[in-house]
Amino acid sequence: MGDIADMPDLAGAIAHFGIGARASIATVHQGTGYFAVTPKAPYDGTLSTAEQADQLFEKAEARLSQIGSSKQGLLFVAILLRDIGDVAAFNERWDAWVAGITPPARACFEARLANPDMKVEMIMVCAAAAADGTQA
């Protein structure tokens with residue numbers, strides 16, 4: 001195994017969007033985009049999982065556009081539900097959102113989310129514009 005000094009400089013190969021102290025909003029490497037979406041902040045615990053899902057889909061479409069993609073470019077989505085009992089309500093909104101496109105691969109999990117007012121979060125992987133601006 002080589003020394004860290006022998007590793008290539010990846011700074012130009014990875015595009016970061018919305019860089020913050022803790023994380024970037026999204027990253028793109030070699031034509032693949034990676035990001036997560038949460039409900040609109042401040043999180044509203046009075047909204048249903050389906051209503052929060054609608055917020056996620058709106059944010060996802062904006063984020064996809066920002067990194068040079070669209071929902072047609074989605075490759076994989078991990079769906080994290082606070083309560084797996086809400087999966088039918090979520091799926092109803094999901095099915096409407098992906099109607100008219102070939103849906104991506106996906107997995108759905110029950111998880112304790114970072115904020116008790118969050119009921120759903122999604123992790124997305126998509127084809128996107130490469131870091132150098134070329135389309136994947």
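All of the numbers you see were taken from the coordinates with simple rules; none came from a lab. The structure displayed is predicted, hence computed values, not measured ones. As a convention, Cβ positions derive from the backbone with ideal geometry for all residues, glycine included, and neighbour counts pool all protein chains shown.
Observations on the model:
- Helical mean residue ellipticity (222 nm; -39500 (n - 2.57) per DSSP H run of 4+; nearest 500) of the chain: -7000 deg cm²/dmol
- Relative to the Cα centre, the charge distribution of the chain, modelled as +1 at Lys and Arg Cβ and -1 at Asp and Glu Cβ, gives a dipole magnitude of about 120 debye.
- Degrees, to the nearest 10: 87-98 long Cα axis against longest axis of the chain: 60
- Helix axis angle, 49-66 relative to the chain longest principal axis, alpha carbon, degrees: 20
- Cβ-based net charge around ARG93, under 10 Å, with every Lys or Arg adding one and every Asp or Glu removing one: -4
- Rg to Rh, two decimals, where the chain supplies the alpha carbon set and Rh follows Kirkwood: 1.03
- Among beta bridges from DSSP that stay inside the range 24-127, the antiparallel ones total about 75%.
- Here the 3J(HN,Hα) profile of the range 99-106, calculated from phi with Karplus coefficients 6.51, -1.76 and 1.60 at θ = phi - 60°, is 4, x, 10, 6, x, x, 5, 7 Hz, Gly and Pro shown as x.
- ³J(HN,Hα) computed for each position of the range 110-124 - Karplus, 6.51 cos²θ - 1.76 cosθ + 1.60, integer Hz, glycine/proline x: 8, 8, 7, 8, 5, 10, x, 7, 7, 10, 7, 9, 10, 10, 10
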